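The values are calculated or read from the model by the stated rules, or taken from the named source; none is laboratory data. Treat the numbers as computed from the prediction; the structure is a model and nothing was measured. Cβ: placed from backbone, ideal geometry, glycine included. Neighbour counts: every protein chain shown. These area figures cover heavy atoms from the full protein model, side chains too; ligands, DNA and RNA do not enter into them. Shrake-Rupley method; radii C 1.70, N 1.55, O 1.52, S 1.80 Å.
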Amino acid sequence: MENPVNSIKDPKIRAYFEDITEKRTPSSTLTADELEEGANQFIEGLDKALAEGEEMIARARLSKLGNVPEAISFSYIAKKYFGKSRGWLMQKINGNTVNGKQAAFTEEERKQFRAALQDISKQLSIAALAF
């Protein structure tokens, strides 16, 4: 993941912010304008790092599902348990960017998804025992 300080273009300002983030006394001083410029670029770098982190989390979540997406119908889950489309569910699972914002489950939706998987698990167990 990229260090947010690397987003700062001016070497003098970047050095100042490197000192601050490393808890060192800055080797130079900045004007108010330089400080504002550096802060704005640092924030942009933080936003990029946050987006990268969220993407890593989304990929980790998807990998936790293993072969489940191939074994069961996410269209069925989306429609039955959420009243939504498969695309909506996959955007949430994958953390896709929708309308400029990363799609993610709310805590309630995460619980609902977990409950859906548990319900399907019970149904599969009953069917296996009946077979």
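LEU117 contributes about 50 Å² of solvent-accessible surface, heavy atoms of the protein only, 1.4 Å probe.
The calculated pair-distance distribution of segment 25-83 uses every alpha carbon pair, bins of 5 angstrom beginning at 0, and gives 4, 14, 10, 13, 11, 9, 8, 7, 6, 5, 6, 5, 1 percent. Taking only the alpha carbons of the chain, we obtain Rg and Dmax values of 22.7, 77 Å in that order. Computed in the context of the full set of protein chains, the accessible area of segment 26-97 at 1.4 Å probe radius has 54% of its extent on carbon or sulfur.
With every protein chain left in place and a probe of 1.4 Å, what is the accessible surface of ARG14, to the nearest 10 Å²? Counting only protein heavy atoms, the figure is 60 Å². Between MET90 and SER27, the contour length at 0.36 nm per residue exceeds the Cα-Cα span by 17.8 nm. For the chain, adding -39500 (n - 2.57) for each run of n ≥ 4 DSSP H residues and dividing by the number of residues yields -21000 deg cm²/dmol at 222 nm. Within the same chain, lysines fewer than 8 places from LYS122 are excluded, and of the rest, those with a Cα less than 25 Å from its Cα are LYS64, LYS79, LYS80, LYS84, LYS92, LYS111. Sequence-distant contacts, meaning Cα pairs under 8 Å at least 6 residues apart, place the relative contact order of segment 4-131 at 16 percent. Averaged per residue, the chain has 70 square angstrom of accessible surface, using a 1.4 angstrom probe with ligands and nucleic acids left out. Multiplying the residue separation of SER63 and LYS12 by 0.36 nm and removing their Cα-Cα distance gives an extension gain of 14.1 nm.
What residue among SER73, THR31, ILE20 has its Cα farthest toward the positive end of the dipole of the chain, where the charges are +1 on Lys, Arg and -1 on Asp, Glu, each on the Cβ? My answer, from the dipole projection, is SER73. The calculated pair-distance distribution of segment 74-116 uses every alpha carbon pair, bins of 10 angstrom beginning at 0, and gives 31, 58, 11 percent.
The listed residues GLU2, GLU55 rank as GLU2, GLU55 when sorted by accessible area, largest first, using a 1.4 Å probe.
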